[in-house]
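Input: a single structure, listed below in structure tokens.
The values are calculated or read from the model by the stated rules, or taken from the named source; none is laboratory data. All figures in this text were calculated on a predicted structure; none of them were measured in a lab. Cβ placement follows ideal geometry from the backbone for every residue including glycine, while neighbour counts extend to all protein chains displayed.
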């Protein structure tokens, strides 16, 4: 059985519209991440970021029609395009079900920033503000990178479908 392709943005304008909706979602969740990072509770920010990042990636994938389940039901030729395009843009989370373990790997790639965010917490008030700013920036960067990867994959899939 093939997935209903109406779930996948079917024209360049629709892809750009989904892109902007997802970027807005990233900004909103990054703001929540920053708020949690400002709280002086050790470890809360990391657990919150893992949970929110996992949900964000899965929501962005689904918005583009690129969730693991949606991709699994595509025709084999389209699956190859999705996975090939995702690999080409470094979109290791496109078309996959994201788990906490994968989110941990992603956060480890930004290890220096996470360390700086944690270290900043030990300086009263100014450290909490710095921690929140770093948390917002890191979360937004990870989210935006994923949205751009999904945008590129969706555009390549659309090009293949209309060719």
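Out of 127, 95, 91, 143, one residue alone is under 21 Å from residue 35 (Cα atoms), modelled with pLDDT under 80, crowded, with 16+ Cβ neighbours inside 10 Å and touching a helix residue (DSSP H, G or I) at 6+ places or on another chain (Cβ under 7 Å). It is 127. Name the residue that is farthest from the chain's Cα centre (by Cα), counting only residues in region 152-163 that are surrounded by fewer than 23 Cβ atoms within 10 Å (Cβ to Cβ) and in a helix (DSSP H, G or I). Among those that are surrounded by fewer than 23 Cβ atoms within 10 Å (Cβ to Cβ) and in a helix (DSSP H, G or I), it is 162.
Reported count of residues in region 35-62, each being in a helix (DSSP H, G or I), surrounded by fewer than 23 Cβ atoms within 10 Å (Cβ to Cβ) and touching a residue at least 60 places away in the same chain (Cβ under 8 Å), is 4.
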